[in-house]
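Visitor: Can you keep this structure in mind? I'll have questions shortly.
Please treat every number below as a calculation from the coordinates, not as lab data. Computed from a predicted structure; not experimentally measured. FYI the Cβ positions are ideal-geometry reconstructions off the backbone, even for glycines, and counts take in every protein chain you see.
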Amino acid sequence: MLAVWYLYEPDEVFSFDAEGDRITFGRDDKCDLIIFSAINGESLSRVAGRIWRMEGELWVRNLSEKHELWIVQPGLPPLPPLPPRNPARPDPGAAQSIPGELTYVQGPDGCVLVVAQQRVEPALPTVLDDRPTTSIPPVPPDLRPVAAALCEPLLRGKQLPASYEEVQRRLVTRSRKQIRDLVRRLCGLYLTEVPELRERVEARRRLEERELGLPAAPTVVHKGIRVFAAAEAEEDAEIRRRRALTLPDYYEVAHLLVRRRTITADDLRLLDRVH
């Protein structure tokens, strides 16, 4: 799978199924991927860049004449930015291949594109690939139904795991509070046992906090490890609205369970037996 989506509109996913598939992105409505956070400003170019598939991987080119583009891999030092085009000479724009399994292409005014590249099936995020022998614990029996419900959309080919509302529709005997507690336990288990995964989650949250102007995400301590908790109820409406634009805290955990085949389509039959 080679796919790109705007961080704050994760339901609109662009897939690159064939060599030569390409999209443009920027604030102009003629771009394939419109950066809506930038349409009322001028910091991001109308056509800021192009992403395309070549030799089985994704590449990005900076088409702007006024700003850089940054390629950021969670948990790794930033790469040198792609400089703007030089209008004084023929210049197609600086370009490079996009590394990693999960990478961000960033520009000004909230331009954050998520690039997912699953070159080998099954595949792990790059930060875990360096340790191919790393094992992860099995899902405890009491957490398996909630894990299956979270992963169901991923197993059906979607990009995002289930929402709490969708999980509750599958686990009808559980209250929303019980489901949140089960998800928190599930995340605590894997964030504790797989430090590289925890680093990825923390890097993604820092990026979202910076881009959306959010206060630091509340955390709780689980077995000596800080993990993310639900947002505090007293946060004002604007902060709650911005938090709603972020990816769910269990996003990376759900993807890991599916990539490692810890949760498979066979587990979906569990959901039909849970009453």
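Visitor: Starting from the 7 Å offset along Cα-to-Cβ, what nm value, one decimal, do you get for the label separation of Q178 and D28?
Guide: 5.5
Visitor: Okay, next question. With 13 Å as the cut-off, how large is the P(r) tail for segment 44-113, expressed as percent of Cα-Cα pairs?
Guide: Roughly 63 percent, rounded to a whole number.
Visitor: Once amide H atoms are placed 1.01 Å from N in the peptide plane, what residues at a sequence separation of 5 or more from L69, or on another chain, have their amide H within under 5 Å of its amide H?
Guide: Hits under the 5 Å cutoff: L82.
Visitor: Taking Cα centroids, how far is segment 18-34 from segment 145-194 in Å?
Guide: Measuring centre to centre over Cα atoms gives 33 Å.
Visitor: Can you pull out the GluC sites (Glu not before Pro) in segment 25-118 whose DSSP state is coil and whose Cβ has at most 14 other Cβ atoms within 10 Å?
Guide: Here the GluC sites (Glu not before Pro) that fit, given the DSSP loop and packing criteria, are E42, E55, E65.
Visitor: Report, by chain and number, residues whose modeled amide H sits under 5 Å from the one on L58, excluding near sequence neighbours (fewer than 5 apart, same chain).
Guide: I98
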